[in-house]
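The values are calculated or read from the model by the stated rules, or taken from the named source; none is laboratory data. The structure displayed is predicted, hence computed values, not measured ones. Note that each Cβ is placed from the backbone with ideal geometry, even for glycine, and that neighbours are counted across all protein chains shown.
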Amino acid sequence: MRAVVVEGAGGPEVARVREVARPTADLGEVVVEVVACGMCGHDQADRAGLTDVEFPVILGHEVAGTVRSVGPSVRHLRVGDRVAAKQFQHCGRCAECFRGRDMVCRRRRFTYGGYAEQVALPESSLLQVPDGLSLERAAVVACTVGTCLQALTDVAALQRGETVLVTGAGGGLGMHGVQVAKALGAEVIAATGSAVTADLKAADHVVQTTGDWWSEVMDITNGRGVQVVLDNVGHPAVFRQAFRSAARRGRYVFTGQVSGDPVRLHPAFLFENEVTLSGSVSTSMANFADALDLAARDEVEPVTTSYPLDSVVEAFTALDERRVSGRIVLIP
């Protein structure tokens, strides 16, 4: 079968389509016929050698497709089922998994292998895709909608009627964070450096991140500030202004970092305003299920641009140059 194999760190050119052996379903696994696989910043970091991934590797964790075969002990999925994968695999059998805390499963590991015609994945990391939701859109739900849902509900404890500032709102994660916050009943301020704002129609306000843009956020909130900041950027310059936008007892949640530079702050800014700083990564299985339901009900619309698997170099180039709105999906 065809798969994209990355044999060493580098630019888009290191991603090459190769013929590889077809996977087989081991204990508790199913083989998925891949219909679409999303690309994100984690894939870029893997490809560039910025993570601990071992080469050669078949990247791809935003997987959606149909079940081709099932291995021993698979209990809930059947051949032909439409499924989508979560970013992380978990055992499904430990005490934390039984408590619904699969995010801290001690056997948790990142999902790989989706840039291919087929991939073997644990049943425990897959959910059936609701009728009416295309597999192309379902592929990116866990990594975009689910990640933002996890951050806003489980971490920030967002309440209906509160105001949320979403940074990097023009990016593949941020534009979905805007939609999720709106679906949860928040007033949403989208902060973006992009001139293209057509995909931010769910936002109540759009702020361009030039100059002292935090003052515009304060004007929008009548000087109160925002109760929640969803920071998908993690850049020092963005942090300085977004943090100043937080209200007293506000909650500031990081979900990404696009720069290697650390953010800095004086502790006094935290305790004087009782602001909580935290982070959120990936999504729990429960929030993944809720995210799929949001997409199936059209309360959140996954934004995708498709490329053929054979055009993976062009797709990576477009991702590196930030020329694509939303998420890129590879179609085998």
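Quick notes on this one:
- For the stretch 80-137, a residue qualifies if it is among the small types (G, A, S) and closer than 24 Å to I331 by Cβ, and the qualifying residues are G80, A84, A85, G113, G114, A116, A120, S125, G132, S134.
- Being within 28 Å of D43 (Cβ to Cβ), loosely packed, with under 13 Cβ neighbours inside 10 Å and under 22 Å from the mean Cα position of the chain (by Cα) is not true of S194.
- Condition met for L77 (touching a Pro at 6+ places or on another chain (Cβ under 6 Å), outside any strand (DSSP E or B) and either surrounded by 13 or more Cβ atoms within 10 Å (Cβ to Cβ) or modelled with pLDDT of 90 or more (or both)): no
- Filter result (in a strand (DSSP E or B) and of a type in the set (A, V, I, L, M, F, W, C)) within the stretch 215-264: V226, V228, V229, L230, A246, A247, V253, F254
- Test: A268 is surrounded by fewer than 17 Cβ atoms within 10 Å (Cβ to Cβ), part of a helix (DSSP H, G or I) and either under 19 Å from the mean Cα position of the chain (by Cα) or not aromatic (F, W, Y) (or both): yes
- Restricted to the stretch 322-331, and to residues there that are charged (D, E, K, R) and modelled with pLDDT under 90, the residue that is nearest to the chain's Cα centre (by Cα) is R322.
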